[in-house]
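Engineer: Below you will find the structure I want to go over with you.
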Amino acid sequence: MAPATSSRYTPFLLVLLLSAILVTSETLIKETHMTFYLQDWVTGKNATALPVAGRNKTSKPTDFGTVMVIDDAVTAGPKRSSPQVGRAQGTYVNSMLDGTDVHLIFSIIFTNAKYNGSTLEIQGADRFSLNQREVSVVSGTGAFRFVRGYVVLTTVFFRNLNAVVQCNATIRHY
């Protein structure tokens, strides 16, 4: 039988060990902040977002049930001519009866030197009628493998269904 004194130290040692694990895991978490711009162009000869399904053949992105496929430029600045740092590829669906909400599901594929080939996976409800809204970063690849985070979306330009959206991303690498 073990001495009685060793059992009274067991809870203390367990707490000490758990504290060391938590402190170590917190120091391994790296947080990255990034700002980039989505160039979402629905009209014109260089459209990057196209409706592929809807209630009828004339469905617009603002019609409930419209499914859009995107291949938007991701740029370093708000101007369409700003340096491109990647592409946003995926879909968004108008998911609110009054047409003021889309559900986003897309990948940002980076092409700039630092993150070339890495991706961020974005998902969430975009109440685009609001000035600012938040969507989730649910995963990533390459430099962003296993990340989690969020993106604050701010519309900086909107005309004739074309938009430039500022994306302020906060991501945690584990």
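The values are calculated or read from the model by the stated rules, or taken from the named source; none is laboratory data. Computed from a predicted model, the values in this text were never measured in an experiment. Note that each Cβ is placed from the backbone with ideal geometry, even for glycine, and that neighbours are counted across all protein chains shown.
Engineer: Could you please find all residues in the stretch 75-107 being in contact (Cβ under 8 Å) with a residue 40 or more places away in the chain and under 12 Å from the mean Cα position of the chain (by Cα)?
Structural biologist: The one that is in contact (Cβ under 8 Å) with a residue 40 or more places away in the chain and under 12 Å from the mean Cα position of the chain (by Cα): Ala88.
Engineer: Can you find even one residue in the stretch 99-107 that is of a type in the set (Asp, Glu), at pLDDT below 95 and touching a Ser or Thr at 6+ places or on another chain (Cβ under 9 Å)?
Structural biologist: yes
Engineer: Name the residue that is surrounded by the fewest Cβ atoms within 10 Å (Cβ to Cβ), counting only residues in the stretch 113-145 that are among the hydrophobic types (A, V, I, L, M, F, W, C) and not in a strand (DSSP E or B).
Structural biologist: Ala113
Engineer: Which of (1) on the phi < 0 side of the Ramachandran plot; (2) surrounded by fewer than 18 Cβ atoms within 10 Å (Cβ to Cβ); (3) not in a strand (DSSP E or B) is the odd one out, the single condition Val69 does not satisfy?
Structural biologist: Every condition holds for Val69 apart from (3).
Engineer: Please determine whether any residue of the stretch 159-171 is assigned to a strand (DSSP E or B), touching a Gly at 6+ places or on another chain (Cβ under 8 Å) and β-branched (Val, Ile, Thr).
Structural biologist: For the stretch 159-171, residues assigned to a strand (DSSP E or B), touching a Gly at 6+ places or on another chain (Cβ under 8 Å) and β-branched (Val, Ile, Thr): present.
Engineer: Next up: Please go through the stretch 159-174 and pick out each residue that is touching a residue at least 12 places away in the same chain (Cβ under 8 Å) and more than 15 Å from the chain's Cα centre (by Cα).
Structural biologist: Asn160, Leu161, Asn162, Ala163, Val164, Tyr174
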